[in-house]
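Shown next, in structure tokens, is the structure this report addresses.
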Amino acid sequence: MTYTVAVIGLGTIADAHLAAIAAHPRLRLVAVADVDQETLRRRGEETGVRGFRDYHDLLQAAPDVALIALPHHLHCTVAVAALAAGCHVLVEKPLAVSVAECRTVLHAARRASRTLAVSDTAAYHPGALLTGRRFRAGTLGRFLSGLHHNVRFYFHAGRPAWFLDPAAAGGGMFANVGLHRLAQTRACLPGLAPCAVSAAVTRLAEYPVEACTSALVRYREGGAMHYEELGYLPRPAWWPLTNHYLFEHGMVTFDAARWRIATCTGTDREEPLQAPGNPYTTVYRDLLRRLDAEPALGPDAWESAADVAVVQAAYASAAAGRETDLTAPPWRMDHF
């Protein structure tokens, strides 16, 4: 079955989405929408499809799938409207900017009996998926501890202004690029449930969003992940980027090219990884699996919503100076 797709929001990230849609023979782009007239004109010429300045008019054309690639604070409103119009919905991460908004979108998808998915390429990293398969199979043993360390200058001149507005972005660096690390860990540790988070957040006086976040996320089943997002200066060439996962039977790390494990028996192994040229092709392949009622490759929408809850609870922890209980009603994201 072929599905028609409409793209709502034509910012920089739309390039990768449009290329991925064009690469799938079962997906057919039929419309695009953006409030900027010049952007809409240019994209219309590039794609050869009809353009709309108002997404409500686009939804009246009844595409099968609506991709929402808008500023974060618009995700909830537009997703609910698209679901009510009968569309399946793919939302560029995050699902929404708050726990309440995430719940609103999830309930809307249930009412409409439509597929809801979140686009986060980190959830489909080949190394994370391989780790997740090995963990689920039991060959790695229990998860013990892990670290994700990221350095990226967040306040560069090319950053859209709304990213620096806490209300529009849902926070700052941790709510934006930090979500990638959470999504990747969820792929590595399928079935584990975050139960508490303790965080420290640092800001620079000239910016309203954080420059650095350090968060420790504990799991109900045991073990913890430490996330460090550093954004106040560019990463020196000699500064390493680190991610590792410590399991009962060995230590795992991976990058774009290799998956490595140091086992408790004293042997080291590595396996090559094959990354897709455009990682969004995997996102859409997974969307098609969901539409075909086949087992998904990546997290369900409620799991992506749970990661939003972790981020927002981390901010709450930093503000209060104490650990936040993720199982408490304000933060708990039940299975949808």
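Close Cβ contacts (under 6 Å, 6 or more residues apart or on different chains) running from residues in segment 158-185 that are closer than 20 Å to ASP300 by Cβ and at pLDDT 95 or above to residues that are surrounded by fewer than 19 Cβ atoms within 10 Å (Cβ to Cβ) and charged (D, E, K, R) are absent.
For (1) farther than 30 Å from ALA85 by Cβ; (2) at pLDDT 95 or above; (3) crowded, with 23+ Cβ neighbours inside 10 Å, each residue gets a yes or a no:
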residue: ALA112; (1), (2), (3): no, yes, no
residue: ALA117; (1), (2), (3): no, yes, yes
residue: TYR124; (1), (2), (3): no, yes, yes
residue: LEU129; (1), (2), (3): yes, yes, no
residue: GLY138; (1), (2), (3): yes, yes, no
residue: LEU144; (1), (2), (3): yes, yes, no
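Of the residues making up segment 247-285, just one is among the aliphatic types (A, V, I, L, M), more than 20 Å from the chain's Cα centre (by Cα) and open to solvent by 50 Å² or more (accessible area, probe 1.4 Å), namely MET251.
Sub-7 Å Cβ pairs linking a first residue in segment 128-144 that is under 20 Å from LEU182 (Cβ atoms) to a second residue that is of a type in the set (Lys, Arg), at least 6 apart or interchain, are LEU140/ARG134, ordered by first then second residue. So for segment 159-177 (the condition being open to solvent by 20 Å² or more (accessible area, probe 1.4 Å) and closer than 30 Å to GLY250 by Cα), does at least one residue qualify? Scanning segment 159-177 turns up no residue that is open to solvent by 20 Å² or more (accessible area, probe 1.4 Å) and closer than 30 Å to GLY250 by Cα. Would you mention how many residues in segment 283-321 are within 16 Å of VAL5 (Cβ to Cβ) and either in contact with a Leu (Cβ under 8 Å, 6 or more places away or on another chain) or of a type in the set (Phe, Trp, Tyr) (or both)? Number of matching residues: 7.
Could you tell me whether segment 91-99 includes any residue that is of a type in the set (Ser, Thr, Tyr) and more than 19 Å from PRO299 (Cβ to Cβ)?
So in segment 91-99, the residues of a type in the set (Ser, Thr, Tyr) come out as 98.
Filter once more, keeping what is more than 19 Å from PRO299 (Cβ to Cβ): none.
Taking every residue of segment 91-99 in turn, none turns out to be of a type in the set (Ser, Thr, Tyr) and more than 19 Å from PRO299 (Cβ to Cβ).
Residues in segment 91-104 that are buried (at least 22 other Cβ atoms within 10 Å of the Cβ) and closer than 14 Å to ASP334 by Cβ: 1 in all. Is it true that some residue in segment 17-37 is closer than 22 Å to GLY158 by Cα, open to solvent by less than 60 Å² (accessible area, probe 1.4 Å), aliphatic (A, V, I, L, M) and in contact with an Asp or Glu (Cβ under 9 Å, 6 or more places away or on another chain)? For segment 17-37, residues closer than 22 Å to GLY158 by Cα, open to solvent by less than 60 Å² (accessible area, probe 1.4 Å), aliphatic (A, V, I, L, M) and in contact with an Asp or Glu (Cβ under 9 Å, 6 or more places away or on another chain): present.
Among the residues here, ARG220 qualifies as exposed (fewer than 14 other Cβ atoms within 10 Å of the Cβ) and either over 17 Å from GLY132 (Cα atoms) or touching a strand residue (DSSP E or B) at 6+ places or on another chain (Cβ under 6 Å) (or both). Note on segment 10-89: no enclosed helices (runs of 4 or more DSSP H) hold 3 or more residues that are out of contact with any Phe, Trp or Tyr (no Cβ under 7 Å at 6 or more places or on another chain) and β-branched (Val, Ile, Thr).
Taking interchain pairs and intrachain pairs at least six residues apart, which have beta carbon atoms under 8 angstrom, with the first residue in segment 214-237 and more than 11 Å from SER198 (Cβ to Cβ) and the second among the acidic types (Asp, Glu)? Cβ pairs passing all conditions: GLY231/GLU210.
The values are calculated or read from the model by the stated rules, or taken from the named source; none is laboratory data. None of the values given here were measured: they were computed from a predicted structure. All Cβ positions, glycine included, derive from the backbone under ideal geometry; neighbour counts span all protein chains shown. Each accessible area value is taken on the protein alone, full model and side chains, heavy atoms only, with ligands, DNA and RNA left out. Shrake-Rupley method; radii C 1.70, N 1.55, O 1.52, S 1.80 Å.
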